[in-house]
Amino acid sequence: MADETKSGGGGLKVIPKPEKHPIRVLLLDDREENLLLRSTIIRQHGYEAITATSIEEAEAKLADIDIAVLDYHLGAGKFGTDVAETLREKRPQVPIIILSATLERKFGGIADMHLLKGYSSTDDLIAALRNFEAKKRGKPVVVDARDFYYSRISMSMGEDVALEILDAEGDWQYVNDHFATLFEKKRQWFVGKNLFESFPELTDEWREIVKTVAETRETYIDRGMRGIPHLPKKNPRYVWNVLVFPLKLHDERPGVVVSARVIEKKF
């Protein structure tokens, strides 16, 4: 980075600009192969990796980091959240990301973000680092975690349930893979489109149901084998037990979750 010059009584003075150091990321994992993989990935994206395989090793390095990425289960009854608690106490401004293979009730206020191993990709980790890096450099940060959040609902209900998340007007916010596959489209085809405009065979009654559930916070159950759009003719299946329940969307607007059990048609 070029230095600046300023004129003074004694002539020009060279004022060196501060160097921009790479963001230092603490990676804690008891498995060295995971550390090797993650450190290689983040270094490729311009970060400095500081690795640790134990709580003690990680806590000895807390003064030298900008972001912490901590594995939750460390084996032998030890957890990355122990390091998170120490870091919060000593350096509360440092962002913390917890990696876990399962969702735990203990997760909550300590960490700034949770990523689920097996579902959150490498891109999710890099995106999280970019967001927290911007925050450290004094830039506004917008974290878009809606897909991660909505997909947790889908996971909890099961992979064999067709699931949609809509706003009160019927605009899709999210659909799961099972729903998209039934209609032979990519998931992103749906997001932003309107359910009732895309599938006009749905009656005005269903438009009213979606709006009512979103605004009154009531729950609706339909066992009449209806409530989602007609399946393609080459994919003839029955729809059974459609559940519509209220949800506050990522932007605080009222919305709904529509889930349906889809079973094979018997000939």
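Values in this text are rule-based calculations from the coordinates and carry no lab data. Predicted model only: the values in this text are computed from it and were never measured. Backbone-built Cβ (ideal geometry, glycine too); neighbour counts: all protein chains shown.
Once fully extended, how much extra length lies between Thr181 and Arg130, figured as 0.36 nm per residue of separation less the alpha-carbon to alpha-carbon distance?
Gain on extension, Thr181 to Arg130, equals 15.1 nm.
The calculated FRET efficiency for the pair Lys61 and Asp251, based on their C-beta separation and a Förster distance of 30 Å, comes to about 0.20. Rounded is the label for the range 146-264, because the ratio a/c of its alpha-carbon gyration tensor axes (a ≥ b ≥ c) stays below 1.5. Shape class for the range 159-221, computed from the alpha carbon gyration tensor (a ≥ b ≥ c): prolate, with a/c not under 1.5 and a/b above b/c. Can you compute the FRET efficiency between Ile41 and Thr216 using 1/(1 + (r/R0)^6), with r the Cβ-Cβ distance and R0 = 30 Å? Round to the nearest 0.05. The formula returns an efficiency of 0.05 here.
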